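**Q** One structure, pasted below without further comment.
The values are calculated or read from the model by the stated rules, or taken from the named source; none is laboratory data. The shown structure was predicted, so the numbers you read here are calculated from the model rather than taken from an experiment. Cβ: placed from backbone, ideal geometry, glycine included. Neighbour counts: every protein chain shown. Protein only, heavy atoms only, side chains kept; ligands, DNA and RNA dropped before computing areas. Shrake-Rupley method; radii C 1.70, N 1.55, O 1.52, S 1.80 Å.
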Amino acid sequence: MAKKEEGYSSSSFWQLIIAIPGSIIGFTLLISILAHFFASGQTATETAAAPAAAAPAAEVVATKADENVKPVAEVQLAEASGAKVEKTGEEVVTAVCSMCHAAGLMESPKLGDKGQWAPRIAQGYETLVKHATEGIRNMPARGGNPDLSDAEIAKAVAHMANAAGANFDPATLKK
């Protein structure tokens, strides 16, 4: 049998220890050199051949920087489309109030449920309008829609209460 060379196994171990970091450093160096040449879109010879006077002025550099950091979109506010058109009580209830009152969410009285609305109707029309305008318990002010006018709120309260047996008239509301 052939005798095993002394130092053979330790020699390959040390070669491996040197080869791994050497490969990593070599690969990193190669990527760095390629990035240097291709990052600016010019090769080293083109960069060296360009005269110093052709360097971009500070204004051009600032403009390019502005282009690079400009927002993706711009916000444009809509122009006022004219006078606001008052909605009817039914329109307000359908668009805003029914989100909670149709299903009775957050302990709100359901639309048309006379039993739930009776104690509220007993408080009076002005009180109900005040609660709807300012908010009460789980109900946000103006039903969560700050664009509703006081008259629209009053019409919506009258519409919902009247559907549950009240006889409120928004025209009689004290201002």
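**Q** Output the qualifying pairs, or none if there are none: Cβ atoms under 6 angstrom, residues six or more apart or on different chains, first residue in region 157-170 and part of a helix (DSSP H, G or I), second residue surrounded by fewer than 18 Cβ atoms within 10 Å (Cβ to Cβ).
**A** H159/E90; A163/G112
**Q** So which of T63, T94 ends up being open to solvent by 80 Å² or more (accessible area, probe 1.4 Å) and either modelled with pLDDT of 60 or more or closer than 30 Å to H131 by Cα (or both)?
**A** When all the criteria are applied, what remains is T94.
**Q** Since E86 meets every condition but one in (1) surrounded by fewer than 16 Cβ atoms within 10 Å (Cβ to Cβ); (2) without any contact (Cβ under 8 Å) to a residue 60 or more places away in the chain, which condition does it not meet?
**A** The number of the failed condition is (2).
**Q** Does S108 meet the test of being polar (S, T, N, Q), farther than 17 Å from K87 by Cα and under 37 Å from the mean Cα position of the chain (by Cα)?
**A** In short, yes.
**Q** Looking at (1) within 19 Å of V85 (Cα to Cα); (2) within 31 Å of the chain's Cα centre (by Cα); (3) open to solvent by less than 70 Å² (accessible area, probe 1.4 Å), which is the one condition that is false for K155?
**A** All conditions pass for K155, except number (2).
**Q** Next question. Tally time: how many residues in region 91-105 are farther than 14 Å from G143 by Cβ and of a type in the set (D, E)?
**A** First, the residues of region 91-105 that are farther than 14 Å from G143 by Cβ: 103-104.
With the extra rule that they be of a type in the set (D, E), the set shrinks to none.
Summing the residues that are farther than 14 Å from G143 by Cβ and of a type in the set (D, E) in region 91-105 gives 0.
**Q** Would you point out the residue of region 42-54, among those that are surrounded by 10 or more Cβ atoms within 10 Å (Cβ to Cβ) and not in a helix (DSSP H, G or I), that is modelled with the lowest pLDDT?
**A** Top of the filtered list is T43.
**Q** Additional query: Got a sec? Which of G124, G143, G104, G112 is surrounded by 13 or more Cβ atoms within 10 Å (Cβ to Cβ), at positive phi and out of contact with any helix residue (DSSP H, G or I) (no Cβ under 7 Å at 6 or more places or on another chain)?
**A** Only one candidate passes the filter, namely G104.
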